[in-house]
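Step one of this worksheet: look at the structure below.
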Amino acid sequence: GQQVMQIPQYQHVQEGEDFTTYCNSSTTLSNIQWYKQRPGGHPVFLIQLVKSGEVKKQKRLTFQFGEAKKNSSLHITATQTTDVGTYFCAGRNTGNQFYFGTGTSLTVIP
Amino acid sequence: DGGITQSPKYLFRKEGQNVTLSCEQNLNHDAMYWYRQDPGQGLRLIYYSQIVNDFQKGDIAEGYSVSREKKESFPLTVTSAQKNPTAFYLCATQQGEISPLHFGNGTRLTVT
């Protein structure tokens, strides 16, 4: 069945260091969304990527969608303590279901 | 998100009992979803509904049931047939097919 793998599962960084999480799908995706879940909270939508090779930026966050539309990445430049949380990708297939990655839990050490 | 209410926040039940989790929305979104979240496993889809009086099974529907009698409401019943019901349950809504999912605050269910 559809699988979306996400790595790493956990990442600890010093404040100011960069952070990247990667998402890989076993099948081609129609689009991919990224969510952030703060500890004790619920996932909150960050961004959606639709086009092959698309790159989008939100301040210190850079999102990429692979050329084959099977992988995606989220890169945070110069992490801050406010970046703490779990980042999920969610890939949508042609059947219109979202499949969530396992998430990457980010800890930022001040 | 504002506009999606899940209640209660914490729920405790004895094994063998059915329990119903509430999800109410005032966003006027057509689609509603139930996800289960376990540590290290991300979010897994239980059931979803794209229109009133219609719903489909997700990847882990066994031991769960839903209804969609009103646009605003999509309750989830966790039955005694669910082997490992203790988890964090998230309800979400969606305006259209390519729109983001809007999540409620979740219900943490503990069954002992």
Condition met for B:Asn28 (farther than 18 Å from B:Ile4 by Cβ, more than 14 Å from chain A (Cβ to nearest Cβ) and in contact with an Asp or Glu (Cβ under 9 Å, 6 or more places away or on another chain)): no
Residues that are closer than 12 Å to A:Tyr87 by Cα and more than 12 Å from chain B (Cβ to nearest Cβ), drawn from the stretch A:9-38: A:Gln11, A:Phe19, A:Thr20, A:Thr21, A:Tyr22
Count of the stretch B:44-53 residues which are assigned to a strand (DSSP E or B) and either under 13 Å from the mean Cα position of the chain (by Cα) or at positive phi (or both): 6
Any chance B:Leu11 is among the hydrophobic types (A, V, I, L, M, F, W, C) and more than 12 Å from chain A (Cβ to nearest Cβ): yes
Count - residues of the stretch B:9-38 that are over 15 Å from the mean Cα position of the chain (by Cα) and assigned to a strand (DSSP E or B): 2
Extreme residue, farthest from A:Tyr99 (Cα to Cα), among residues of the stretch A:50-73 that are free of Cβ contacts under 8 Å to residues at least 12 places away in the same chain and loosely packed, with under 14 Cβ neighbours inside 10 Å: A:Lys59
Unique residue being under 22 Å from A:Thr86 (Cβ atoms), modelled with pLDDT of 95 or more and touching a strand residue (DSSP E or B) at 6+ places or on another chain (Cβ under 8 Å) when the list is B:Leu109, B:Leu43, B:Leu76: B:Leu109
Residue pairs meeting the criteria (Cβ under 6 Å; at least 6 apart or on separate chains; first touching a residue at least 24 places away in the same chain (Cβ under 8 Å), in the stretch B:21-45; second basic (Lys, Arg)): B:Arg36/B:Arg44
Criterion (of a type outside the set (D, E, K, R) and outside any strand (DSSP E or B)) met by exactly one of B:Gln41, B:Gln56, B:Gln6: B:Gln41
Exclusive hit being in contact with an Asp or Glu (Cβ under 8 Å, 6 or more places away or on another chain) and surrounded by 16 or more Cβ atoms within 10 Å (Cβ to Cβ), set A:Ile76, A:Ile109: A:Ile76
Odd one out for A:Ile47, checked against (1) over 23 Å from B:Gly40 (Cα atoms); (2) without any contact (Cβ under 8 Å) to a residue 24 or more places away in the chain; (3) within 14 Å of another protein chain (Cβ to nearest Cβ): (1)
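The values are calculated or read from the model by the stated rules, or taken from the named source; none is laboratory data. Everything numeric in this text was worked out from a predicted model, so none of it was measured. Cβ coordinates were reconstructed from backbone atoms using ideal geometry, including for glycine residues, and neighbour counts include every protein chain displayed.
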